[in-house]
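Single-structure report; data block below.
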Amino acid sequence: MQKKLWSLMLFTMILVLAACTDDSDVDEAAEGDSETAAGGGDLVIGMINEAVSLDPHVSNDIPSAQLRTQIFDTLVEQNVDMEFGEGLATSFEQDDDQWTLQLKEDVTFHNGSDFTAEDVEATLDRVMDPSVGSSVAFMFEMINDIEIVNDHEIVFTTDYPFTPLPSHLAHNTAGILSKEVIDEDYQNALDEAGSDVTLEEYYELREEGGDEFEAVSEEIGSHVGAIISEKPDGTGHLKLQERIPGNEIVLEKFEDFHGGEREFNTVTYRVIPENSARLAELETGGIGVTDNVDTEAMDRVRDHEDTDIIDQDGLSMTYVAFNYEKEPFDDENVRKAISHAIDREQIISGVLNDRGLHAKNHISPSVFAHNADMEEVPFDLELAKDYMAESSVPDGFDTVIWTSDSEQNRDIALIIQESLSELGINVEIEQYEHGAFLEMADQGDHDMFMLQWITVTGDPNYGLYPMFHTDSVGSGNRWNYSNPELDSYLEEGQQTSGDEERIAAYATAQEILMEDLPITPLYYGELGIGVNNTLVEGVELDPVGIVRIENVTFPE
């Protein structure tokens, strides 16, 4: 039996509490003027996109993660180097398929209730509840039993020894909610649906499963989450003060926070979609931080006397996806021809202003077990033409590529369109609003589409299993790809605890994927946020793209 101890003594990181998701922003003070910001401990962050939801179980986008990381604590923390540290759990002890967690004491939720093991159980039960329909349930579904030993000790049993569990429990969607607000939310859903089932009966039915539960679940599903979205209740260093949809969300300092003092009083996340407007706000002091700087504006921000860029190697991989079951993309010669016809360096230099790295394989160098020994996919039109000549469509074909509606994505799609015309492939570009695009991509009806995957846990399991394992078809595996040999290596990587064994399993998995090419990697992301140094100091950026503000101070 293999045993692994994660104790407080082994958590060798500086605590990074409440920082932090295909695909956002800080500004200063409540009023947004530089004088208030400099003296009042109020921070404004400018965001290109609005948060989808403050409910950890509803969405998995970066703008929402920016805020949820401030509101909710997780059982495990990760610092800007993706190292594990103490969160709401002070230690983990793994014994094969069991994990024993000791929980932090004297922790208070924003609503004043005490944090206990019941809150952990209620949170994990909720994320896996079909009534919630969470898109991140896959991250926790390997937990098949939760035993509360006492208020501050809890035991998880998994379906199999699951080595990446701590990295999943550090994810922003694993933020712990209070049982009180979860109960209130379910009760509201039952009331709104007009159900005669009591809350206690609902929990019993959920535990038993079966037709009766499915009926109630379907009945209340559209109402679940309404309360939590309005008043998210966590233990983090910030709590919700006000939300003005489409404009801004204001968070205020939680005075009873368990993790130490913070310098800010409020943090306002302002939505400023226009790049030029957001940049002007940064330079004039309307915001202290912007979560996104257009690559063409990087030098301008660096050269301005008051502003600078914080750089970070990212965990993202941008790719072109093929429909693996649809002609002619079921032909590996077609997929390889397209892969060799795309000029990645033209994309990186011409569109990204050199803010990206040529992708060798399907996980970035910042992810554990990235296979750095693999060769890059070369831009080679002659080789691409050779593959087309051997394919089922040697004279080319008509197709469509989908992408979301940013200017950068359009420019990349235009390069791909021009490149593939050399092979007789006539590409029509269709752009959609980001949310609509994601919904369409989930349906599996595409020819090709372009998207980004962020391995937010820093562990290759998250980067590869949800995208390529057969069991993930219909969810993260949007291209209907299945390879039993690959499945076996992904499962080995999940269940093996030794680093060397995991690296070997994932190295082979990456080689298989580059041979099959259900998607073709384009580039790895390089991240950068803008900061006005006259307004704020101590801002950090993690590889996920989350603005970390726990060490923020304000210049005198």
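Name the residues whose placed amide hydrogens come within less than 5 Å of the amide hydrogen of VAL400, ignoring near sequence neighbours (fewer than 5 apart) on the same chain.
Those lying under 5 Å, H to H, from VAL400 are GLU428, ASP447, MET448.
Starting with the highest mean, order 321-329, 418-426, 42-50 by the number of other Cβ atoms within 10 Å, averaged over the residues of each peptide.
Numbers: 321-329: 19.8, 418-426: 17.4, 42-50: 26.1.
In descending order of packing, they fall as 42-50, 321-329, 418-426.
Give a residue-ordered list of calculated ³J(HN,Hα) values for the stretch 83-88 (Karplus: 6.51 cos²θ - 1.76 cosθ + 1.60, θ = phi - 60°; whole Hz; x for Gly, Pro).
Once rounded to whole Hz, the list reads 8, 6, x, 5, x, 6.
What order, most packed first, do the peptides 501-508, 228-235 have when packing is the mean number of other Cβ atoms within 10 Å of each residue?
Numbers: 501-508: 19.1, 228-235: 22.0.
Ranked by mean Cβ neighbours within 10 Å, highest first: 228-235, 501-508.
What ranking, highest mean first, results for peptides 537-548, 198-209, 438-449, 283-294 when packing means the other Cβ atoms within 10 Å averaged over each residue? It would help to have the intermediate numbers written out before the result.
Numbers: 537-548: 22.7, 198-209: 13.4, 438-449: 17.3, 283-294: 25.2.
Listed from highest to lowest mean packing, they are 283-294, 537-548, 438-449, 198-209.
Once fully extended, how much extra length lies between ARG300 and ASP196, figured as 0.36 nm per residue of separation less the alpha-carbon to alpha-carbon distance?
Numbers: separation 104, 0.36 × 104 = 37.44 nm, distance 6.16 nm.
Separation in residues times 0.36 nm, less the Cα-Cα distance, equals 31.3 nm.
Going 7 Å from the Cα of ALA280 in the Cα-to-Cβ direction, what parts of the stretch 243-271 have a backbone nitrogen less than 20 Å from that spot?
247-248, 270-271
Taking the simple approach of a point 7 Å from Cα along Cα-to-Cβ for both GLU515 and GLU439, what is their distance in nm?
The answer from the label model is 4.0 nm.
Whole-Hz Karplus ³J(HN,Hα) for the stretch 340-351, in order, using 6.51 cos²θ - 1.76 cosθ + 1.60 and θ = phi - 60°, x for Gly and Pro?
After applying 6.51 cos²θ - 1.76 cosθ + 1.60, I find 7, 8, 8, 8, 5, 5, 5, 5, 5, 7, x, 10 Hz.
For the chain, compute the number of Lys pairs whose alpha carbons are separated by less than 23 Å, excluding pairs fewer than 8 positions apart on the same chain.
So the count works out to 16.
What number comes out for accessible area per residue over the chain if the probe is 1.4 Å? Units Å², please.
Details: 21900 Å² over 556 residues.
Ligands and nucleic acids excluded, the figure is 39 Å² per residue.
Between VAL320 and residues 5 or more places away or on another chain, which pairs have amide H atoms under 5 Å apart, with H built 1.01 Å from N, and which residues are they?
When sequence neighbours closer than 5 places are left aside, the close amide H contacts are THR520, LEU522.
Between GLN187 and GLU418, 0.36 nm times their residue separation minus their Cα-Cα distance comes to what? Can you show the working numbers first?
On the way: separation 231, 0.36 × 231 = 83.16 nm, distance 5.55 nm.
Fully extending the segment from GLN187 to GLU418 adds 77.6 nm.
Of the heavy-atom accessible surface of the chain (probe 1.4 angstrom), what whole percent is carbon and sulfur?
Numbers: 9260 of 21900 Å².
Heavy-atom surface of the chain belonging to carbon and sulfur, 1.4 Å probe: 42 percent.
Per residue of the stretch 437-448, in order, report the coupling 6.51 cos²θ - 1.76 cosθ + 1.60 (Karplus, θ = phi - 60°) as ³J(HN,Hα) in whole Hz, putting x for Gly and Pro.
Per-residue couplings from phi come out as 4, 5, 4, 5, 4, 5, 6, x, 9, 6, 8, 9 Hz.
Rounded, prolate or oblate: which fits the stretch 339-457, taking a ≥ b ≥ c as square roots of the Cα gyration tensor eigenvalues, rounded meaning a/c under 1.5, else prolate when a/b beats b/c?
Oblate.
Is the C-alpha gyration tensor of the chain telling us rounded, prolate or oblate? Criteria: a/c under 1.5 is rounded; beyond that, a/b larger than b/c is prolate, otherwise oblate.
Values: a/c = 1.64, a/b = 1.21, b/c = 1.36.
The shape class here is oblate.
The values are calculated or read from the model by the stated rules, or taken from the named source; none is laboratory data. Quantities reported herein were computed from a predicted structural model and do not represent experimental measurements. Backbone-built Cβ (ideal geometry, glycine too); neighbour counts: all protein chains shown. Accessible surface is based on the protein model in full, side chains and every heavy atom, while ligands, DNA and RNA are left aside. Shrake-Rupley method; radii C 1.70, N 1.55, O 1.52, S 1.80 Å.
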